[in-house]
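Before any comments, here is the structure.
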Amino acid sequence: MKKWLGTLRTISQLGISEVLYVVWYRFSLKFGIRELFFPIEKFDLGEDLFANSATEATPYLFDKSLLLAEAEDLKKGGVLYYSKHKKNIGTPVNWFLNPFNGREYPKPEDHWTKISDFNPDFGDIKNLWEVSRFGWMPTLARASRITGDSSFPEILNNYAREWLIQNPLNQGPNWKCGQEASIRVFNLLTTSLISDQTALENEALASIVSDHLKRIQGNIRYAFAQNNNHGTSEAAALFIGGIWLNSIAPGQYPQARKYALRGRFWLEKRINKLIAEDGGFSQYSINYHRVFLDTMILVEFWRQKLDQLKFSPHFYFKVEKAIDWLCCFTDAKSGHAPNLGANDGAMLLNLHNCDYRDFRPVLQTANVIFRGNCLFGPGSWNEPLFWLGIKVPDLSEHGLGSNNRVFKSGYVKISGESSWALIRTPIFRFRPSHNDVFHFDLWYRGENVLSDSGTYSYANDRGEPPLNLKSVHSHNTISFNGDEQMPQISRFLLSEWLQADEISEVSQAEGTLLWIGRYKTPSGYTHQRSIKVVENVWWIDDELEGSFQSATIGFNFSDPNYIHKEQNILNTKAVQITVNSECIIQVKKSNRSLYYLELEEINRMEVIVRKPGRYTTIIELK
């Protein structure tokens, strides 16, 4: 009964209309109703999609070695998955191969409505979708422009033709998700931009973009029901694709104007709902926050380029707040950010070769496009501006700003002398995906000393019990009786969403910063976490109340190599931790994932206590 009541409360929090639509959606899939609205159609392949613009090399201001190495690999069927894993999928490319386990997708000729997101015989469907997002297209186009090598556009057009032959509209797993179709639209148009042909009418490219928009528009209501990046991405594709079609072929595609107007309307609605007044995004995830900003960069770039009406002032207010939010949680020294929340390896701004963990390219590009000034000085993070044709007269570094702040969307930032921390607070307007309440993420001189574990994968390709890095046992926080903070209903849904009883501001007195937060679990246990910092020494006081049998306070150490433990004191190269409490301390091996489907071993300290009380952890940075 308790479980059912929790589920009912969760349904109410999700929104009755959204839940009812999802129920109808799944019903329409099961009984073949939705298939009727999405006929399978072959593409008109006609001419090449992209012009051979390699007759003269483009002046290039950045290190080209990584770009050319990736482009040369693509010639041989080598693809970089999730900005990390080099995999070979053959020439001609096998578009239905999971290169992580060598399996091919069964029955790719099926209509997309008959395909499951999770097929245990194939593995993670994202391993199929990743290469069909066309992220390799801008890479080959960039290589063509800087070298004048005609083999790059040739292989680009050949791969595109192969994909279109093997993936007719609405047939197969690559049409399962409207967001995947949207990302293809982004990369198709970005590639046309780099190839210097946006002012030319290309009937083959225009027809393919139009077909993608038709697929997106027909199922976009399902994306909105998710209240996440699917809705913003799909609305953005309708807007961008619609205005682009109108610009190159006025009147030839009657639906284009409707797509553009609907995309604009839904972008306004989605951003008003999903972006908090302080800039927080509905998905409680650093990387999905970047996906959102990547999308907004493309929206505003194409709006300006094609001379369309501006969005509302509130739209720009929310986007700029979202930029500020990511600035706040990006480390100024390294450009990296906490591995907070779901991380599926997505990065849509495929116009640079900075590391995936580097957030400076998106912040620099977004700030220039929306505000007209730079956050950072000269560097490889400026390459997207180069390809977008945006000239910045002044590359003065303005910095990221914002040291201590409480975000009502569920986060706290506190800064020490040369260290800073993020604390995740239980304020949920939308569904949480990780059990990370009061997670403490600590950064010191550009290094993530105490870190989040990340995601690893949404499916299980490992042939063993799946890793659950979303668990409370993978975060720097507390578990009562070994239980999760919020029970899991399904793969992407938690119930019994916690809500804070107290979230203080960050106070300052005599060189000491202090923050306090408190919540109560459905089982009646209370956790109050107080965080104090003086220079580079951090005190974490955890006050626990209730009739629990045991509680475990955990911390992930980024350094996997060395931990020395002596009684209640632990030492690593970067930090010394002292626990001034009656407890049991153990150090064990754990895992984290900084890139999708990449796993690394780390050390985890667990402080086990048996009774209510105050337990103090002192963290001294060396």
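Rule-based calculations on the coordinates, nothing more; no lab input. Bear in mind that the values here come from a model prediction, so they are computed numbers and not experimental data. Cβ placement follows ideal geometry from the backbone for every residue including glycine, while neighbour counts extend to all protein chains displayed.
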Expected output is a single nm value to one decimal: the length gained when fully extending between ASP483 and GLU277, i.e. 0.36 nm times separation in residues minus the C-alpha distance. What is it?
70.8 nm
Go through 228-238, 142-152, 357-367 and give me the packing order, highest mean Cβ count within 10 Å leading.
228-238, 357-367, 142-152
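Order of 187-194, 373-380 by packing, highest average Cβ count within 10 Å first? Mind dumping the intermediate values first?
On the way: 187-194: 23.2, 373-380: 16.8.
Packing order, densest peptide first, comes out as 187-194, 373-380.
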Cα extents of the stretch 277-402 along the three principal axes, largest first (Å):
37, 31, 27
Can you run phi through the Karplus equation (6.51, -1.76, 1.60; θ = phi - 60°) for the stretch 229-236 and list ³J(HN,Hα) in whole Hz, with x for Gly and Pro?
5, 4, x, 5, 5, 6, 5, 5
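For PHE43 and SER312, calculate 0.36 nm times their separation in residues minus their Cα-Cα distance, and state this gained length in nm to one decimal.
93.2 nm
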Taking the Cβ-Cβ separation of ARG610 and ALA509 as r and a Förster radius of 41 Å, what is the calculated FRET efficiency to the nearest 0.05?
0.75
Roughly how far apart, in whole Å, are the Cα centres of the stretch 240-290 and the stretch 404-449?
29
Per-residue HN-Hα couplings for the stretch 511-522, Karplus 6.51 cos²θ - 1.76 cosθ + 1.60 at θ = phi - 60°, whole Hz, x for Gly and Pro?
x, 10, 9, 9, 9, 9, x, 8, 9, 10, 7, x
Most exposed first, judged by fewest Cβ atoms within 10 angstrom, ARG303, ARG445 run ARG445, ARG303
So which lysines pass the test for LYS87, namely a Cα distance under 30 Å, with those fewer than 8 places away in the same chain ruled out?
LYS42, LYS64, LYS75, LYS76, LYS107, LYS114, LYS126, LYS176, LYS470, LYS589
How do ARG264, ARG9 rank when sorted from fewest to most other Cβ atoms within 10 Å of their own Cβ?
ARG9, ARG264
In whole Hz, with x marking every Gly and Pro, tabulate ³J(HN,Hα) for the stretch 609-618 from phi via Karplus 6.51 cos²θ - 1.76 cosθ + 1.60, θ = phi - 60°.
10, 10, 8, x, x, 9, 10, 10, 10, 10
Cβ under 9 Å from GLY410's Cβ, GLY410 left aside: what net charge do those residues give with Lys, Arg +1 and Asp, Glu -1?
+3
When the Cα centres of the stretch 333-377 and the stretch 123-187 are compared, how far apart do they sit, in Å?
23
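Can you give me the Rg/Rh ratio for the stretch 140-262, using Cα atoms for both radii and the Kirkwood formula for Rh? Don't skip to the answer; put the middle values down first.
Details: Rg = 14.8 Å, Rh = 15.1 Å.
Rg divided by Rh gives 0.98.
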Listed candidates (i) 214, 68, 54; (ii) 187, 125, 48; (iii) 75, 58, 48 - label of the one calculated as Cα extents along the principal axes in Å:
(iii)
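Which of TYR284, TYR595 has the fewest other C-beta atoms within 10 Å, and how do the rest follow up to the most?
On the way: TYR284 24, TYR595 21.
Ranking TYR284, TYR595 by Cβ neighbours within 10 Å, fewest first, gives TYR595, TYR284.
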